[in-house]
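For reference, the structure discussed in these notes is given below.
The values are calculated or read from the model by the stated rules, or taken from the named source; none is laboratory data. Keep in mind that what you see is a predicted model, and the values were worked out from it rather than measured. For neighbour counting, all protein chains shown are included, and Cβ atoms are generated from backbone atoms with ideal geometry for every residue, glycine included. All accessible areas refer to the heavy atoms of the entire protein, side chains included, with ligands and DNA or RNA removed. Shrake-Rupley method; radii C 1.70, N 1.55, O 1.52, S 1.80 Å.
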Amino acid sequence: MSRSRTPRLALLTLSLLLTGVAVGSVMISSSRPALAAEKLSPLKLIELARTGPQTVAFRESLVDALGEQRIREGKAYIGAGDEFLWAIDAATEPKLFVDDEARPALTRIQGTNLWVSIGQLRPGYSHSYYYHVDGQRRGGEPSIVAYLPESFEQEGVPKGTLSEKFTHKSKIYDGMVSEYWVYVPAQYDAKLAAPLMIWNDGGGHTGRNGQSRTQVVMDNLIHQKKIPAMISIFINPGDISGSPGTPTHTYVTEFSKKSGRQFRDAMRSTEYDTVSDRYVRFLDEEILAEVGQKWNLRKDGYSRAIAGDSSGAIAAFNAAWQRPEVISRVLSRIGTFTSIQWIPGTLDGGNIFPFAIRKTPRKNLRVWLSDGSEDLENDHGSWPLQNIQMANSLKMAGYDYRFRFGTAPHNGAQGAAEAPEALVWLWRDYDPAKTSQSFVQDPAEKSKPYYRVKIFNREH
C-alpha cells in the first residue's frame with residue numbers, strides 16, 4: 001500500500017480516504033472497495049451530521065452536497081425546515097456567528113481541516129452568519145431562508161396548474177408588450193367567481209421550487225383553507241422597444257440615458273416606480289379584463305390582492321393606493337419607496353408615500369410590509385428608513401398593517417421566508433359572501449410604540 005500526502009485542502013482529499021491514502025492522522029486500507037458518495041436529502045445529511053459526523057459516508061456526502069469551493073470559502077450551508085448544517089475548511093478552530101450571536105463550538109472531522117455545526121433557525125425569517133478564524137471575519141452569507149412548513153410540498157395536497165405564457169400588447173402604455181402566466185388552484189370552480197392576486201415581476205414565481213416557492217405555498221394554504229381558492233397572475237414588466245416614437249418609448253429612452261439604466265430596466269422603473277394611476281388602469285382595464293375572458297374572476301377590490309418586491313412593491317402599493325376599489329390588499333417586500341422616478345414639481349415617485357399617507361384621509365387598504373436593515377442606501381434614498389417611515393405612517397393613520405423588519409439586504413430571502421404567514425394575514429377573515437369590508441387597525445397595534453432606529457454599526 002502506497003502512502004502519499006497532498007498539498008490540497010483536506011476536504012478535497014476525502015475521496016482518498018477510501019483508497020488508502022493518508023490524510024492527516026487518518027489512513028484506511030486500500031483493500032476496502034471504493035464507495036460512491038450517496039446523494040442524501042438535506043434532512044438526512046443533517047441527521048447524519050448529528051449521529052455519525054466521523055463516518056466516511058458523512059464526509060463524502062457533505063462535500064458532494066455542499067461543494068468543495070463553498071466549504072473552502074466558508075459559504076457552505078444546507079437547510080431543511082428549521083434545521084441547518086454549516087461547514088468550513090480551516091486550519092485552526094473557527095467560531096460560528098449566526099445573526100451576530102456566537103454559536104457552540106464546531107465539530108472537527110478527524111484527520112481533516114473540515115469543521116461542521118448543526119442547529120436550528122427560527123422559521124419564517126431570513127438569517128445571516130459568518131465565521132471568525134484566527135480573529136478575522138471570514139465567509140458567511142447575509143441572508144439564508146428558514147422556510148415555514150407551508151413552503152414545502154406536502155403529501156396529499158393537490159397541485160394547482162400554471163398556464164402557458166401569455167403576451168399582451170398595451171394601449172395604455174403605447175404598445176408595450178407584457179408577458180404573464182396564470183396559476184389556477186386545483187379547487188377552482190368555473191361556476192364560482194374566484195378571488196385573485198397579482199404578482200409583479202411574476203416570472204420569478206413561475207418555478208415551483210425556486211426561492212419564492214409561491215405556487216407550493218398557495219397549494220398548501222388553499223388546501224388548509226387558510227386562504228381562499230384564488231387565481232394568481234404572475235406578470236413581468238413590459239417591453240416598449242417595439243414601439244419607437246411613442247410617448248412612452250421616448251420617455252423611457254431619455255430616462256435610460258439620464259439614469260444609466262439598461263432600456264428594459266428603465267421601462268420597469270417607468271411602469272413600477274411612477275406614482276400615478278396608469279399602472280392600475282393597465283392591470284384593471286387590460287390584464288384583468290383579458291384574464292377574465294378565460295377564467296371567472298371576482299371584480300370587487302375586497303377580493304383582490306397585489307404583491308411585489310423592490311420596485312414591484314411600490315407598484316403594488318401604488319396600484320391599491322390609487323384605486324382601492326380595484327385592489328385593496330397589498331404585500332410589499334423590500335419596497336422601493338424612494339425617489340427613482342421623482343422629478344420635483346413634475347412627477348411623483350415612491351418617496352412621497354410615507355408623507356402622503358399621513359396627509360391624506362385613510363384609504364381602505366390592508367398592507368403587509370417587510371424589509372431588512374441591510375437594504376439599499378444610494379442617491380435615490382434609504383430603503384430601510386423609508387420602509388420604517390411607511391410603517392410608522394400607516395400606524396399613525398390607523399391602517400390595518402403589519403411590518404416585518406429583519407436584517408437581510410436587497411433580495412428576496414425575507415419575503416420568501418415569511419410568505420405563508422404574510423398571505424394568511426393578508427387574507428384573514430375573507431368571506432366570499434362579501435364584496436367589501438372596512439379594514440381597521442388591530443386594537444393591539446394601537447397600544448404599541450412607533451418604530452425607532454438605533455445606530456449599531458458606528459459611534460459617530
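Observations
- Qualifying residue in segment 144-157 (condition: within 22 Å of the chain's Cα centre (by Cα), of a type in the set (F, W, Y) and not in a strand (DSSP E or B)): yes
- Where M176 falls short, out of the listed (1) open to solvent by less than 10 Å² (accessible area, probe 1.4 Å); (2) touching a strand residue (DSSP E or B) at 6+ places or on another chain (Cβ under 6 Å): (2)
- Residue in segment 81-96 that is at pLDDT below 95 and under 26 Å from P149 (Cβ atoms) present: yes
- For segment 254-309, residues that are of a type in the set (D, E) and open to solvent by less than 10 Å² (accessible area, probe 1.4 Å) total 2.
- Only a single criterion out of (1) open to solvent by less than 10 Å² (accessible area, probe 1.4 Å); (2) not charged (D, E, K, R); (3) not in a helix (DSSP H, G or I) is not satisfied by G398, namely (1).
- Odd one out for E179, checked against (1) at pLDDT below 95; (2) part of a strand (DSSP E or B); (3) of a type outside the set (V, I, T): (1)
Listed here are the residues, each with its yes/no results for (1) open to solvent by less than 10 Å² (accessible area, probe 1.4 Å); (2) assigned to a helix (DSSP H, G or I); (3) within 25 Å of I233 (Cβ to Cβ).
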position	(1), (2), (3)
A313	yes, yes, yes
N364	no, no, yes
I388	no, yes, no
N392	no, yes, no
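- D277 being touching a helix residue (DSSP H, G or I) at 6+ places or on another chain (Cβ under 6 Å), under 17 Å from D201 (Cα atoms) and among the acidic types (D, E): no
- From the options G203, G238, G242, residue that is open to solvent by 10 Å² or more (accessible area, probe 1.4 Å), within 22 Å of the chain's Cα centre (by Cα) and among the small types (G, A, S): G203
- In segment 330-365, the residues that are without any contact (Cβ under 8 Å) to a residue 12 or more places away in the chain and of a type in the set (D, E, K, R): K359
- Helices (runs of 4 or more DSSP H) within segment 1-80 that include 3 or more residues farther than 22 Å from A91 by Cα, at pLDDT 90 or above and of a type outside the set (F, W, Y): 42-51
- Out of D379, D429, sole residue that is at pLDDT 95 or above, out of contact with any helix residue (DSSP H, G or I) (no Cβ under 9 Å at 6 or more places or on another chain) and farther than 22 Å from G301 by Cα: D379
- The criterion of being touching an Asp or Glu at 6+ places or on another chain (Cβ under 6 Å), surrounded by 24 or more Cβ atoms within 10 Å (Cβ to Cβ) and β-branched (V, I, T) holds for I334.
- Under the condition of being open to solvent by less than 90 Å² (accessible area, probe 1.4 Å) and among the charged types (D, E, K, R), the residues counted in segment 403-460 number 9.
- Taking the criterion of being open to solvent by less than 20 Å² (accessible area, probe 1.4 Å) and either assigned to a strand (DSSP E or B) or small (G, A, S) (or both), the residues of segment 82-98 that qualify are F84, L85, W86, A87, I88, D89, A90, L96, V98.
- Of all residues making up segment 106-130, the number that are open to solvent by 20 Å² or more (accessible area, probe 1.4 Å) and over 17 Å from the mean Cα position of the chain (by Cα): 8
Condition check ((1) under 30 Å from R208 (Cβ atoms); (2) not polar (S, T, N, Q)) across all residues:
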residue	(1), (2)
L66	yes, yes
R72	no, yes
F84	yes, yes
A91	no, yes
L96	no, yes
Q110	no, no
S126	yes, no
H132	no, yes
Q154	yes, no
